[in-house]
Amino acid sequence: MKIWTLLGLAALTLTGCQGGPTTQTVMLNVTKVALPPSVGAVEDLPITITVTVGGCQTFKGFAVQKRTASTLKLLTQGTSPTGNVACPAIIGYANETYTDPGNPPRSDLFEVIVNGQSYGTVHIE
């Protein structure tokens, strides 16, 4: 009788692992955006963005929502599990850099918007 109980528990454990949690793309919280004061119209423009990560959220990347000669609109992307998943209560910050390649050439003043909020302008030389 004891062996049948152990086999039953083993079968339940194995079937519980099938599929596992899935992930979804989420927008991460932005705590800081650092821009250089000036840059050339077609030079690389590095933008350092500090995002909140931890728990079950990880940084995935950036999505360009819109890019014109005068504006860059970025979205931060992260992953988070779906379903009933326990996540540690450890929250941290990650500095991630997006580099705008300067195409189309920028005009003065070039505005940077992340997750719908303006974080300032860069003077174009």
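Quick query: amide H of Asn29 versus all other amide H atoms, modeled in the peptide plane; which residues come in under 5 Å with a sequence gap of 5 or more or a different chain?
Thr52
From the phi of every residue in the range 80-96, what ³J(HN,Hα) in whole Hz does the Karplus formula 6.51 cos²θ - 1.76 cosθ + 1.60 yield, where θ is phi - 60° and glycine or proline is x?
Values, residue by residue: 8, x, 9, x, 8, 10, 7, 10, x, 8, 9, 10, x, 10, 10, 8, 10 Hz.
Could you derive backbone 3J(HN,Hα) for the range 23-37 from the dihedral phi with the Karplus parameters 6.51, -1.76 and 1.60 (θ = phi - 60°), listing whole Hz in sequence and x where the residue is Gly or Pro?
For the range 23-37, the Karplus curve yields 10, 10, 8, 10, 8, 7, 6, 9, 9, 6, 10, 10, 10, x, x Hz.
What is the range 48-125 by shape, rounded, prolate or oblate, if you read a ≥ b ≥ c off the alpha carbon gyration tensor as root eigenvalues and call it rounded for a/c under 1.5, prolate for a/b larger than b/c, and oblate otherwise?
In terms of gyration-tensor shape, prolate.
Enumerate the calculated ³J(HN,Hα) couplings along the range 105-113 in order (Karplus 6.51 cos²θ - 1.76 cosθ + 1.60, θ = phi - 60°), each rounded to whole Hz, writing x wherever the residue is Gly or Pro.
x, 7, 10, 7, 7, 9, 8, 10, 10
Readers should treat all values here as calculations from the given coordinates under stated rules, not as data from a laboratory. Here the structure is a predicted model, which is why all the values come from computation and not from measurement.
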